[in-house]
Amino acid sequence: MPFEELEHTADVKMRITAPDFLSLLAESGDAMASVLYGDFAKEPETLTVEIEAEGEDSSELVVNFLSELLFLTEVEYLVPLSYSIAQEGNRVFGTVSGIEFDRTKHAGGICVKGISYSGLSLEETAEGFELTIIFDI
Amino acid sequence: MHEKIQRINETEWEIPKGFVENMRVSGRFFLSDLLAEGIEDGALTQLANVACLPGIINHSYGMPDIHWGYGFPIGGVAAFDETEGIISPGGVGFDINCGVRMITTPLTEADLTDKQGLIEELFEAVPTGVGAKSPIRLSQNDLTLMLEEGARHAVELGYGCAADVGRCEENGAMEGADISAVSKKARQRGVPQMGTLGSGNHFLELQTAEEILDAETAKTFGVKEGQLCIMIHCGSRGLGHQVCTDHLKVLEEAVKKYNIDLPDRQLACAPLDSPEGQAYFGGMAASANYAWANRQVITHIVREIFVKRFEIDYEEMPLIYDVAHNVAKWEEHEVDGVRKKVCVHRKGATRAFGPGRAEIPQEFRSAGQPVIIPGSMGTSSYLLAGTDGAMAQTFGSTCHGAGRVKSRSSAKKSLTGDAVAAELLKDGIYVRAPNPAAIAEEAPDVYKPSSEVVKTVSDAGISKIAVRLRPLGVIKG
């Protein structure tokens, strides 16, 4: 499993691993989707929207990317499933695809209020990247 | 308890300067012996970190429901000097003006002949959980007016009665709201979520006023034994979350610009008189106003259902009070014998002004400000009154709820939502949520006992208990 939930009293803390940085962003998006929607069936994608984020360092880029994704889930009612993103310097850009939120299928999770720097750690490992992040709920 | 912590009396403890480097003042927190057993070292460190912030006055305070949060601990209170002080989103939280309100009805528990049907009807009418869509079509102009005028504009649109406004802290609208500090993204999140409950610990609950603990205060507030009451707990939804996220980025830069030495990045802040600090204040105040409007719209939906179901008048369901428990506000307090304007941050803490303060509605002024403390879904909630003790000890502040002790993940591992709901039903409490996990994560066992938390603020003299309310039915977000 590329992401797992860790103990945290009030919020949702996740450890996420990936072989490269862009995959880490995608896995982080999947982790947040699991918080928002619980377990849900993957269906053919019907929605694609653009996504873009900048950050002074990799940690800030992760936080800003996930904040942007959270925004898209709320205003586009997008349940994200896959990512096509590229990186140029301190900026990532591309598209995120998924399906429209359906109360009967995607009500298994909890609202995320924000992506916090609290307890955030991002490390390069022999296998790629390991991120620990807290979703404020 | 950590060895460096000093006990002042039965309920009050001190974190001395030096607990962490560069503390400008000491920390003070309120815990009974029972609550002290569960205190997290991380929360104490956060309380000490707050004591390092520029311009902090007297102490950094922790209420009995203290636990680890973002920046400030949840249950944290700090007042900052007008010229030397700072403002920090870490002292407010992502959910700006998360708060709670209480409404009374002319009904009693005996009138709830179809409690399940009522809860199910309320659940359908009040959008709840992830992906909830507003039951109203809010124009951009009305959104702007809600950001500026809060509950008052919701009432002008027909969502309530004029008396509601005066029963909200700040009359349902903080001064200083600045719509230019609310981004387009925040507005985009705000329009489709007006009148929605959210999730997590947010709830809509039916309660009975089971025990009157201070007859005179309860009478002043207009609450009678056996009366059916409604409690609503929610905040500024995605709009407030986006305002927090947007301004955190700016304030991270401001920390560097103003050379503020922080013990923790989560305490990103700016001087109160700086453009960055003023912009955050303006955006936060606008978000707080949105939250008051949000709770007002939900109140209206609930009242309409009660009018139809029970054939009672709308006006027979007065708002008792509405408190904000995630906010920073300008207030006047006595500091070293001098009345001063200070910026009080309350993060998971409730204003608890004592008798006589002009901010309290005239009809309640002799009793002190109503303070509403929700319990967890199986345990009692309380109506209290603010005290002179709170004015003297905590900048007029008290606790905000029960306070979590158990993580959501461990709650889900050890409990199932269906089992928790079945157990609560045995006690006559019908629970409805968008999914069973939401019930498991908010099970009564994951919180500190609300009775112990309010007993502690009462023993500490920072609030006076007036009424205990027992839950009858709950909608969890």
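The values are calculated or read from the model by the stated rules, or taken from the named source; none is laboratory data. On a predicted model such as this, the values are computed, not experimentally measured, just so you know. Methodologically, a virtual Cβ is constructed for each residue, glycine included, from the backbone with ideal geometry; neighbour enumeration extends over all protein chains shown.
A few remarks follow.
- Screening B:V191 with (1) of a type outside the set (S, T, N, Q); (2) in contact (Cβ under 8 Å) with a residue 60 or more places away in the chain; (3) farther than 29 Å from B:R404 by Cβ gives one miss only, at (2).
- Failed item, numbered, when B:D164 is tested on (1) more than 21 Å from the chain's Cα centre (by Cα); (2) away from chain A (no Cβ under 14 Å): (1)
- Of all residues making up the stretch B:303-321, the number that are within 30 Å of B:R187 (Cβ to Cβ) and under 20 Å from the mean Cα position of the chain (by Cα): 2
Yes/no per residue for (1) of a type in the set (G, A, S); (2) at positive phi:
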position: B:Q6; (1), (2): no, no
position: B:N9; (1), (2): no, no
position: B:E21; (1), (2): no, no
position: B:G55; (1), (2): yes, yes
position: B:M63; (1), (2): no, no
position: B:E84; (1), (2): no, no
position: B:R101; (1), (2): no, no
position: B:A110; (1), (2): yes, no
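- All positions within the stretch B:417-445 that are in contact with a Lys or Arg (Cβ under 9 Å, 6 or more places away or on another chain) and either among the polar types (S, T, N, Q) or at positive phi (or both): B:G428
- Verdict on B:R265 being of a type in the set (K, R) and either crowded, with 21+ Cβ neighbours inside 10 Å or at positive phi (or both): no
- Restricting B:E21, B:E10 to residues that are under 25 Å from B:S450 (Cβ atoms), among the charged types (D, E, K, R) and part of a loop (DSSP other than H, G, I, E, B) narrows the list to B:E10.
- Exactly one residue out of B:A43, B:A110 is surrounded by fewer than 24 Cβ atoms within 10 Å (Cβ to Cβ) and under 22 Å from the mean Cα position of the chain (by Cα): that is B:A43.
- Count of residues meeting criterion [more than 14 Å from chain A (Cβ to nearest Cβ) and of a type outside the set (S, T, Y)] in the stretch B:183-226: 21
- Residue satisfying all of: in the stretch A:27-46; hydrophobic (A, V, I, L, M, F, W, C), in a helix (DSSP H, G or I) and away from chain B (no Cβ under 11 Å); farthest from A:V63 (Cα to Cα) among these: A:A31
- Looking across the stretch A:117-127 at every residue that is loosely packed, with under 14 Cβ neighbours inside 10 Å and part of a strand (DSSP E or B), the one that is nearest to the other protein chains (Cβ to nearest Cβ) is identified as A:S121.
- Candidates B:L138, B:L147, filtered to the one that is in a helix (DSSP H, G or I) and either touching a helix residue (DSSP H, G or I) at 6+ places or on another chain (Cβ under 7 Å) or of a type in the set (S, T, Y) (or both): B:L147
- Which listed residue is β-branched (V, I, T) and either within 8 Å of chain B (Cβ to nearest Cβ) or out of contact with any strand residue (DSSP E or B) (no Cβ under 6 Å at 6 or more places or on another chain) (or both), from A:V92, A:V62, A:V96: A:V62
- Every residue from the stretch A:76-116 that is surrounded by 18 or more Cβ atoms within 10 Å (Cβ to Cβ) and assigned to a helix (DSSP H, G or I): A:H106
- From the options B:I96, B:I86, residue that is touching a residue at least 24 places away in the same chain (Cβ under 8 Å) and under 19 Å from the mean Cα position of the chain (by Cα): B:I96
So that you can scan it fast, the table gives a plain yes or no per residue for (1) β-branched (V, I, T); (2) crowded, with 21+ Cβ neighbours inside 10 Å; (3) closer than 22 Å to A:I99 by Cβ; (4) modelled with pLDDT of 95 or more:
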residue	(1), (2), (3), (4)
A:P2	no, no, yes, no
A:E5	no, no, no, no
A:V12	yes, yes, no, no
A:D20	no, no, no, yes
A:L24	no, yes, no, yes
A:A31	no, yes, yes, yes
A:L36	no, yes, yes, yes
A:K42	no, no, yes, no
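- Residues of the stretch B:179-196 satisfying the condition of being among the aliphatic types (A, V, I, L, M) and in contact with a Ser or Thr (Cβ under 9 Å, 6 or more places away or on another chain): B:I179, B:V182, B:A186, B:V191, B:M194
- Some residue of the stretch B:62-73 being of a type in the set (A, V, I, L, M) and without any contact (Cβ under 8 Å) to a residue 60 or more places away in the chain: no
- Pairing each residue of the stretch B:236-251 that is on the phi > 0 side of the Ramachandran plot with any residue that is part of a helix (DSSP H, G or I) and at pLDDT 95 or above, provided the two are 6+ apart or on different chains, yields C-beta distances under 8 Å for B:R237/B:R189; B:R237/B:G190; B:R237/B:Q193; B:R237/B:Y290; B:R237/B:A291; B:R237/B:N294.
- Residue in the stretch B:247-267 that is nearest to B:M284 (Cα to Cα), counting only those that are within 10 Å of chain A (Cβ to nearest Cβ) and under 22 Å from the mean Cα position of the chain (by Cα): B:L248
- Taken together, the criteria exclude B:G375 from residues that are of a type outside the set (D, E, K, R) and either surrounded by fewer than 24 Cβ atoms within 10 Å (Cβ to Cβ) or closer than 19 Å to B:E334 by Cα (or both).
- Residue satisfying all of: in the stretch B:447-477; surrounded by fewer than 24 Cβ atoms within 10 Å (Cβ to Cβ) and hydrophobic (A, V, I, L, M, F, W, C); farthest from B:H400 (Cα to Cα) among these: B:L472
- Residues of the stretch B:378-410 that are buried (at least 21 other Cβ atoms within 10 Å of the Cβ) and outside any loop (DSSP other than H, G, I, E, B): B:S381, B:Y382, B:L383, B:L384, B:A385, B:G386, B:A390, B:M391, B:S397, B:T398, B:R404, B:R408.
- Filtered by the rule that a residue be assigned to a strand (DSSP E or B), at the interface with chain A (Cβ under 8 Å from one of its Cβ atoms) and of a type in the set (A, V, I, L, M, F, W, C), the stretch B:65-99 gives a lone residue, B:I74.
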